[in-house]
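Below: the structure, in structure tokens.
The values are calculated or read from the model by the stated rules, or taken from the named source; none is laboratory data. Because the structure is predicted, anything quoted here is derived from the model rather than measured. Here Cβ is always computed from backbone atoms with ideal geometry, including for glycine, and neighbour counts include all displayed protein chains. Note: areas computed on protein heavy atoms with side chains; ligands, DNA, RNA excluded. Shrake-Rupley method; radii C 1.70, N 1.55, O 1.52, S 1.80 Å.
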Amino acid sequence: MRVFFAISALCLAVGAALSPAAAQSTFGTGVLVLSPAVRSYGMGGTGAADTADPLNAFYNPAVVPGTGEVFFAGIYSPLLRGLPYDFHVHDPADMDDVRGAQAVVGAGFSFDAGGAIGLRAGGSIAYSRLDYGDFFYDSCPFCLWSIPYRPGLQQALNLTAGGEASYRERVRLGFGFAVKPVWYRQESRFDGEPAPTVSGVAFDLGFLLSGDLLKTSDLRLSASAGFSILNMEIEADNHHYRDLEMYFPKKYRAGFGLRLEGPRTAFLGKELPIGTLTVNLDSSSEWEVTELARANGDYWGVGMEAAVLDLLFVRFGYLDERLSYSENREYDAADYTVGVGIGLTAKAFRVRLDYATVPQPAGLENADKFGVTCGVNF
């Protein structure tokens, strides 16, 4: 999910006149399309079948943390830079005030089921915040009822839980789900003018099948396939106007991944593969389009990561993402992505710093993503 989906969510949120004369409207929730997986951004936005990063639970809740691992991740990104005037923006310079931030904590456990069957479970709690700062949007600058709004603040929690059953540690089948409460507050530019506040809940479901194609003392080749249904809405409450609908970007997502690990060696008190190569392919499409929003988005991406001793990570990818909004607005981003990571794994502790740059639709500046992930094995 890329930043221009947040742009589309912004357009959906304030694209209709938000006055009692226009009580029916659609509110976007751009916070639901902000992925915390900076590693994934550098790999073309892929990750629905990649279990190497627990942050990929954003794409597929069946991705759970590793056995005996507790991790914490923090992500920051400026958003919506270079937005043109045709978005009804009062001051495009305020784009630099639009920011997204996320924090995630999670853990994974294993259970002894006896025999050839192994069981593993895990989950995470994520908090996402999309802050529009001083940015104002005029709902309809040529209408008599036009009221400029500050999109304000969008916040969401993501509570994810999943489990995995394995057979002789070679074939693994996983399932996961997520519950995502969302609350969205707008602010009017004029005193006394009511601004809507909306809350709602969305669900994710995910499945993951993985297994080893080759496993020797020197090489391990594994493959995985994942499928998820994201942002299923069960409730949306508007606290100011009746008949106001909350727009959740509901999507199917499917992914496929290959991972090749080289021979292992001792490094800083830990057995690590000398080299690792990961290749992912993902595709997604919206599965429900609201009549008011009339928005539809399709995406596919491919990415790879080459890693040395979990010390240096180099990532490349390509994504093609298209969004149509109403009958006369269409946006697309099709370009390469690049990312790097620097990590350190010593005994039971690991830390990794990640950076990625992600293409945006024509006329917008690329988005930079920064993240840090820390983990402890117990």
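Observations on the structure shown:
- Solvent-accessible surface of protein heavy atoms, probed at 1.4 angstrom with all chains present, puts LYS251, LYS270 in the order LYS270, LYS251, largest first.
- Listed peptides 297-303, 168-174, 348-354 by packing density, highest first (mean Cβ within 10 Å): 297-303, 348-354, 168-174
- For the pair PHE370 and THR67, label points projected 7 Å from Cα toward Cβ lie 3.7 nm apart.
- Taking 0.36 nm per residue of sequence separation and removing the Cα-Cα distance, the THR216/PHE111 pair yields an extension gain of 35.3 nm.
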